[in-house]
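> Below is the structure I would like to discuss, written out as structure tokens.
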Amino acid sequence: VGNQTVFARVFAVPRPGTVPGSVFNTDQWDGYQADQRAVLEAMAAAERTDPVVLTGDIHSSWANDLPTDVAGYPGDGNSVGVEFVCPSVTSNGFKEAVGSAAAATATTAAFQAANPWVRYLEGIGHGFVVLDVTPERVQADFWFIRSNGDKGLAVDPRLDPQATVGYETSFATVKGSRKVSGPTAELGPRSDSPRTV
């Protein structure tokens, strides 16, 4: 499912002045919870499918389970699909929004603690995702732009004409699981001749 804004439920990090259980961003699917619920229910009803949502527009990298009931996650196995969110190539992300790599790391860790179905969240790296789809699984390899080999933590790789791109991590969903697995090994060369789009 091609998608523009984060589909998974994302609660705000608890802090003074926030209402417990409030959503992080009502401009995402959380602002349209009846529609979000309808899509999750349709995914749940389509028992012979393995839904994968592909998302952008939040300038960070995510791999999410999609539970129908977040209160029961993960114990009752209610994830009905997965979501892979691609980072931005050049647009500001969490690091730029909060001012430093350390603050971005702390922010993403707090988001994951408040939202355990967010299995991977990285808000520093800029880059892209290579998505590989087979009948057995869908895998997302995250690749980040790097400046002088340091993941862009000290030097903004977007400003470095000598920047390179490097593999960061991979997550997948295996046929029939409807859950994120990983991190897993990088795709590497394929022995067959996959179609590229």
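The values are calculated or read from the model by the stated rules, or taken from the named source; none is laboratory data. All values reported here derive from a predicted model rather than from experimental measurement. Every residue, glycine as well, gets a Cβ built from its backbone with ideal geometry; the counts of neighbours run over all protein chains shown. Keep in mind that these areas ignore ligands, DNA and RNA; they rest on the heavy atoms of the full protein, side chains included. Shrake-Rupley method; radii C 1.70, N 1.55, O 1.52, S 1.80 Å.
> Evaluate E = 1/(1 + (r/R0)^6) for Gln4 and Ala97, where r is the Cβ-Cβ distance and R0 equals 22 Å; express this FRET efficiency to the nearest 0.05.
0.70
> So what are the ³J(HN,Hα) numbers for region 63-79, from phi and the Karplus equation (6.51, -1.76, 1.60; θ = phi - 60°), rounded to whole Hz, Gly and Pro as x?
9, 10, 6, 10, x, 6, 10, 5, 5, x, 6, x, x, 9, x, 9, 6
> Would you please give the residues with an amide H less than 5 Å from that of Val165, counting only those at least 5 places away or on a separate chain, with H modeled from the backbone geometry?
For Val165, whose amide H was placed from the backbone, the distant partners under 5 Å are Arg146.
> Per residue, what accessible area does the chain have, given a 1.4 Å probe and all protein chains present, in Å²?
On a per-residue basis, the chain sits at 52 Å².
> Using the alpha-carbon centroid of each, what span in Å lies between region 127-197 and region 99-121?
19 Å
> Let me ask another. So if we plug the beta-carbon distance of Asp35 and Arg195 into 1/(1 + (r/R0)^6) with R0 = 41 Å, what FRET efficiency do we get, rounded to 0.05?
Working from the Cβ atoms, E equals 0.80.
> At each listed q (0.17, 0.18 Å⁻¹), what is the log10 of I(q)/I(0) that the Debye formula gives for the chain modelled as equal alpha-carbon point scatterers?
At q = 0.17, 0.18 Å⁻¹ the computed log10 ratios are -1.19, -1.30.
> Right, next: Near the amide H of Val53, under 5 Å away, which other amide H atoms are found, from residues 5 or more places off or on another chain, if H is placed in the peptide plane?
Amide H neighbours of Val53, under 5 Å, 5+ apart: Val82, Glu83, Phe84.
> How far apart, in nanometres, would the label points at Thr90 and Val155 be if each is projected 7 angstrom from Cα along the Cα-to-Cβ direction?
A separation of 1.9 nm, rounded to one decimal place.
> Distance in nm between label sites at Val130 and Ala185, each 7 Å beyond Cα in the beta-carbon direction?
About 1.5 nm, to one decimal.
> If you don't mind, there's one more thing I want to ask. Can you check what the net charge comes to around Asn3, using other residues whose Cβ is under 13 Å from the Cβ of Asn3 (Lys, Arg +1; Asp, Glu -1)?
Within the 13 Å Cβ shell, the charges total -3.
> Turning to a different aspect of this structure: So for region 55-126, what percent of the C-alpha to C-alpha distances run longer than 18 Å?
Percent of Cα pairs beyond 18 Å in region 55-126: 41.
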